[in-house]
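This report refers to the structure that appears directly beneath it.
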Amino acid sequence: MDKNRFLDAVNNTGSLTRREMLRLSAGGLAALTFGRSALASAAIPSSFRFIVINDIHCRDERCHPWFSKIVSSIHKHAPDFCLINGDLCENGLAEQLNPVRQIFGALGIPLYATLGNHDYFTDTTHPAFDQIFPNSLNYHFTHAGWQFVGLDSTDGRRVVFTTIQQHTLDWLDATLPTLDPAKPTVICTHFPLGDAVLCRPLNADAILTRFDKFNLRATFSGHWHGYALRHFDHADVVNSRCGSWWRINNDASPQKGYHLCEALPTGEVKRTFCVIS
């Protein structure tokens, strides 16, 4: 991709995308109305805080002091839980993933992980991830009246021109009927879901459209180490810079860190990017 197209993909947040134009149709407006009505009818308690971090890329012991610095920063905010959106390690090794579990586990709060392409050990397997972060391929949980859905968006160890695998779509088809569409909902993936974000899976819409009738409030992703904000109906579709000390950001930003998020009684997600230096 040439430089101009690269910069356009990074900065083009103001123009209407194909999906946003579709949302202006009668069907799109109906879905938006449903979401707002569902939000109004949902019983949402007082606010709470949670953490979203991605692409920390643990490779060896040189990463451990950096992780301890992140954990110290997170601890000051007293969040309820922490989400780590893929590429927890560099080569899918237990000796890389165990320190992540140990150091971030010192927070004393639930940790939820999603699978990244670097968490694979071979092109098709990720045994250390499965053992150290069990039941983290596709899952959901509720917290204080909100629903959180973690999804496997990987296509093996591939980086670009990927396709979200059928087992994830099958899991969604089986699981979504058991969830409450009125509850405010957050999606977490490793690969980007936002329109025109680099490295977005070719079938990313297959995830988003399955949430058309849900009160989706935000999605959080990584993989492409850069900040991008898009929208899907009334949800912010956020892509974040990396949390690694040694990997670069692809948006040329020097900022490394995590998102401090606050779920508000209005059903909104307020977020602040906390920089680690």
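The values are calculated or read from the model by the stated rules, or taken from the named source; none is laboratory data. Small disclaimer: the values here were computed from a predicted structure and weren't measured. Cβ coordinates were reconstructed from backbone atoms using ideal geometry, including for glycine residues, and neighbour counts include every protein chain displayed. Ligands, DNA and RNA are excluded from the accessible area calculation, which covers all protein heavy atoms including side chains. Shrake-Rupley method; radii C 1.70, N 1.55, O 1.52, S 1.80 Å.
Some observations on this one:
- The antiparallel fraction among DSSP beta bridges confined to the stretch 142-277 stands at about 50%.
- Efficiency of FRET from Cβ geometry, Asp180 and Glu262, R₀ 35 Å, rounded to 0.05: 0.95
- Accessible surface area normalised per residue over the stretch 48-174 is 41 Å², counting heavy atoms of protein chains with a 1.4 Å rolling probe.
- Of the chymotrypsin sites (Phe, Trp or Tyr not before Pro) found in the stretch 73-165, those in coil by DSSP whose Cβ has at most 13 other Cβ atoms within 10 Å are Phe161.
- Computed E for Ile109/Glu61 - FRET, C-beta separation, R0 25 angstrom, nearest 0.05: 0.55
- Three-way shape call for the stretch 80-199 based on the alpha-carbon gyration tensor, with the a/c threshold at 1.5: oblate
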